[in-house]
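The values are calculated or read from the model by the stated rules, or taken from the named source; none is laboratory data. Small disclaimer: the values here were computed from a predicted structure and weren't measured. Quick reminder, even Gly has a Cβ in these numbers, built from the backbone with ideal geometry, and neighbours come from all protein chains shown. SASA here: full protein model, heavy atoms, side chains in, ligands and nucleic acids out. Shrake-Rupley method; radii C 1.70, N 1.55, O 1.52, S 1.80 Å.
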Amino acid sequence: IVGDGPERTPLEALVAERGLTERVIFTGRIDNRQLPAWLAQADVWVSGARSDGLPLSMLEAMSAGLKVVLAELPMARDWHVDGVSWTFPVGSAAACARALDQALAAPLMAGHPGRVVVVERGSLAATVSGIEAVVERVMAGV
């Protein structure tokens, strides 16, 4: 588990209770330069966050060609890619497990479609263009 936060201690206790300490690594916060090496070892990125605007770590994972599993947050719909992303109801551990099972069972998509979406829609040019469009609509309504 890469990263840190208030759930780390309960997660470490759960891992110990289940006898998984030899199979689960808690890295704590890592330097951004180390992130590509950790992503390269993964098959799926998972987030159970109950709220988030746009998790940059999800975009990094999609850019690295990973499948993503995350709670059904408003932004999740905007970045959904068939065969790359799976969602589950916020707070449902059972549904998260099912989505993770589906993601792990799905074949890796040729051409990294998640990466393609992030590059196309997550570029600085696309972001600036989107902001300009919003400003133009607002100014037209004034």
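Within region 1-42, being hydrophobic (A, V, I, L, M, F, W, C), exposed (fewer than 11 other Cβ atoms within 10 Å of the Cβ) and without any contact (Cβ under 8 Å) to a residue 24 or more places away in the chain holds for ALA13, LEU20, ALA37. Among the candidates GLY91, GLY65, the residue that is farther than 22 Å from ASN32 by Cα, open to solvent by less than 90 Å² (accessible area, probe 1.4 Å) and either part of a loop (DSSP other than H, G, I, E, B) or touching an Asp or Glu at 6+ places or on another chain (Cβ under 6 Å) (or both) is uniquely GLY91. When GLY111 is tested against (1) in a helix (DSSP H, G or I); (2) of a type in the set (Gly, Ala, Ser); (3) closer than 20 Å to VAL44 by Cβ, exactly one condition is not met: (1). When HIS112 is tested against the conditions (1) open to solvent by less than 60 Å² (accessible area, probe 1.4 Å); (2) in contact with a helix residue (DSSP H, G or I) (Cβ under 9 Å, 6 or more places away or on another chain), the lone failure is (1). For first residues located in region 115-130 and closer than 23 Å to ALA40 by Cβ, partners that are assigned to a helix (DSSP H, G or I) and modelled with pLDDT of 75 or more and lie 6+ apart or on another chain with Cβ distances below 7 Å form the pairs ARG115/MET62; ARG115/SER63; VAL117/MET62; VAL118/LEU59; VAL118/MET62; VAL118/SER63; GLY122/LEU59. On the stretch given as region 34-72, residues that are within 11 Å of the chain's Cα centre (by Cα) and under 13 Å from PHE88 (Cα atoms) total 8.
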